Amino acid sequence: MDTNPAFPNEGVSVLSKCFLQRAHQLIIPPPQSPFKLGPFDQLGPPMIPIAIVNAYKHPNASQESTPEHNDFLNLPRLHLAIQRLLDYYPHLTGRLHFNPTDGTPEINRVDTGVEVISAHSNLTIHDLTDSQTGRVLVTHLPGSGSLLIPPFTSTLEAVCKHSILTIQHTRFACGSVALGFRVHHIVTDAEGFFQLIANLAELYRGLCEPDANVDTVQLSHPPHITSYLSDVHMSESDRKAAQSFEPSLFTLGPSHGGATAGAEEITSYLDDPTGPRVTGRVHRFSGAELAVLKQKAVDPNGAGWTSTFSALSAHLLQRVYQARVKLHQIPSLPRGFLTTINLRPGNRLGLPSHYAPNAILSTHTTFPHPFLLSSPLYTLASQIHTLTHSPSLSTSQIEKTAKWIAAQEDKRRIRPALLESIGGGGGVFMVTQWNRFDMYGSVFDGERPVLSTAPWTRISLVDGFAFFLGTGEEEGEEGGVDVNLALGEEVWEGFEWGV
């Protein structure tokens, strides 16, 4: 739909900043310091955050500011809810730290606090609404949403200095509110982050009850914050046995003596300032369109089945590659595909319920030029399905991979195998699947978000980066999917969304 923010420089004024502590800091002892992260956390790119914007429409939104506006998503009550939330997530009050001996990321300085920002915008929810669709769109938000989340500096020094979690409350002129959340990806993944936001909403609602207070409100399902294998202790023989495993997703490079764990090369790849100018667009695939894609993605010669994810990923991957070839007129472009696999479904690793840390692995592949350019959709979808169900992602292989990571005496040597398979350079197509989560389930003051989205930021505007997002609506038996897709500006000229 829209290419650029409708209001790229429209003012969002910061009113105040504060650091909040745990509500019961003096009663509940802090966790052990340093707070240990597990293998699935340790290789997360340290300078990559997760950011989410939830926009809530005031039930009586009006052009003129009224005293009643401040009662909707009340800021003092939100502060209390955040403080109570931190009783359940005390490690988020600390700061990221890298062990100087082996580069393992840890959390120290617990109870330093979480930064919360209060801001105001002179826009209304009507200003953010697309005239054709009647929907609030990410491209209509101030700065495409980047002004509604706390600022972020992607240097190691800044990441270790500033809050692991930050929250921004922005009230619009009509009384509506945007809540912007940003967290270091190294401590949680998307599912864990949506769980955190839902926990905050539950505590806020609890504080709205008669006679409720921060001492009595509780979560019905507290999160589990201890990371898988974070406390593993290996004998020398166990360590050698774990190190003898050869993972397909990682390699070992020479020790470089740097400060961080092994994902810094991915960080620099995603944040390459020499790449093309990239812009983001959003497109909704209806349930009916997805049904057509899934039908095309089923092998006509057999009784096959494909998922919506595989069908939509194959469709967009091929369309993006065709547009790139049309632009460059050469078949030697990088042809990599990257996605993440959630390890929670099926509870293969025996993870506790409401597990909050990272539980994902990235997997990838490359495709031959002729195959990617013109193969039938069902053959490409089949390859993506095979990738996400490959033997390297079996329970046994995942457990061995986690132990292999934990056993490395220098985490800084670990490199994602993706970098070798794509040979450097841009052109990879990356998909992150958020539509599987209840993005619109965090209710404040009786209102669901009218938009829950990943904002466009300097880090997320990477050529070939796609978010699959929920729509908050149901369409028949299967709802639609919103796709936030970032491409080089010239690539957009040859790109077509249509099924």
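The values are calculated or read from the model by the stated rules, or taken from the named source; none is laboratory data. Remember, predicted model here, so these are calculated numbers, not experimental data. We place every Cβ from the backbone using ideal geometry, glycine too, and count neighbours over all the protein chains shown. Only protein heavy atoms, including side chains, enter the accessible area calculation; ligands, DNA and RNA are left aside. Shrake-Rupley method; radii C 1.70, N 1.55, O 1.52, S 1.80 Å.
So here's what we get for this one:
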read-out	value
Unmet requirement for Leu351, which otherwise passes all of (1) over 25 Å from Tyr88 (Cβ atoms); (2) open to solvent by less than 40 Å² (accessible area, probe 1.4 Å)	(1)
Residue in the range 17-35 that is among the small types (Gly, Ala, Ser), touching a Ser or Thr at 6+ places or on another chain (Cβ under 6 Å), farther than 20 Å from Ile197 by Cβ and at pLDDT below 95 present	no
Residue pairs meeting the criteria (Cβ under 6 Å; at least 6 apart or on separate chains; first in a loop (DSSP other than H, G, I, E, B), in the range 480-493; second not small (Gly, Ala, Ser))	Gly480/Arg284; Gly480/Phe285; Gly480/Thr471
Residue within the range 132-145 that is open to solvent by 40 Å² or more (accessible area, probe 1.4 Å) and free of Cβ contacts under 8 Å to residues at least 12 places away in the same chain present	yes
Residue that is nearest to Val282 (Cα to Cα), among those in the range 111-122 that are assigned to a loop (DSSP other than H, G, I, E, B) and out of contact with any Pro (no Cβ under 7 Å at 6 or more places or on another chain)	Asn122
Members of the range 139-161 found to be within 25 Å of Ala201 (Cβ to Cβ) and assigned to a loop (DSSP other than H, G, I, E, B), listed by number	Leu141, Ile149, Pro150, Pro151, Phe152
Selection count where residues are touching a strand residue (DSSP E or B) at 6+ places or on another chain (Cβ under 7 Å) and open to solvent by 20 Å² or more (accessible area, probe 1.4 Å), scope the range 354-377	6
Unmet requirement for Thr166, which otherwise passes all of (1) open to solvent by less than 10 Å² (accessible area, probe 1.4 Å); (2) in contact with a helix residue (DSSP H, G or I) (Cβ under 8 Å, 6 or more places away or on another chain); (3) free of Cβ contacts under 8 Å to residues at least 60 places away in the same chain	(2)
Breaking point among (1) modelled with pLDDT under 85; (2) open to solvent by less than 30 Å² (accessible area, probe 1.4 Å); (3) small (Gly, Ala, Ser); (4) touching a Ser or Thr at 6+ places or on another chain (Cβ under 6 Å), for Gly38	(1)
Filter pass, Val450 being touching a helix residue (DSSP H, G or I) at 6+ places or on another chain (Cβ under 7 Å) and either at pLDDT 90 or above or on the phi > 0 side of the Ramachandran plot (or both)	no
Test result for Glu157, among the charged types (D, E, K, R), under 27 Å from Ile27 (Cβ atoms) and open to solvent by 40 Å² or more (accessible area, probe 1.4 Å)	no
Breaking point among (1) part of a loop (DSSP other than H, G, I, E, B); (2) without any contact (Cβ under 8 Å) to a residue 60 or more places away in the chain, for Leu373	(1)
Any hit, the range 393-408, residues being closer than 23 Å to Thr432 by Cα, in contact with a strand residue (DSSP E or B) (Cβ under 9 Å, 6 or more places away or on another chain), aliphatic (A, V, I, L, M) and outside any helix (DSSP H, G or I)	no
The one condition in (1) in a strand (DSSP E or B); (2) surrounded by fewer than 19 Cβ atoms within 10 Å (Cβ to Cβ); (3) modelled with pLDDT of 95 or more that His97 fails to fulfil	(3)
Boolean, Leu418 is touching a helix residue (DSSP H, G or I) at 6+ places or on another chain (Cβ under 9 Å), at pLDDT 85 or above, of a type in the set (A, V, I, L, M, F, W, C) and buried (at least 17 other Cβ atoms within 10 Å of the Cβ)	no
Unique residue being out of contact with any Gly (no Cβ under 9 Å at 6 or more places or on another chain) and at pLDDT below 95 when the list is Pro59, Pro67	Pro67
Among residues of the range 364-394, those that are modelled with pLDDT of 90 or more and within 23 Å of Ser244 (Cβ to Cβ), counted	0
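Matching residues to (1) surrounded by 22 or more Cβ atoms within 10 Å (Cβ to Cβ); (2) over 18 Å from Arg277 (Cβ atoms):
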residue	(1), (2)
Asn435	no, yes
Asp445	no, yes
Ile459	no, no
Gly470	no, yes
Leu485	yes, no
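Residues are listed down the side, and each one gets a yes or a no for (1) over 26 Å from Arg109 (Cβ atoms); (2) not in a strand (DSSP E or B):
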{"position": "Ser163", "(1), (2)": "no, yes"}
{"position": "Thr166", "(1), (2)": "no, no"}
{"position": "Thr170", "(1), (2)": "yes, no"}
{"position": "Gly175", "(1), (2)": "yes, yes"}
{"position": "Leu179", "(1), (2)": "no, no"}
{"position": "Val183", "(1), (2)": "no, no"}
{"position": "Glu191", "(1), (2)": "yes, yes"}
{"position": "Asp211", "(1), (2)": "yes, yes"}
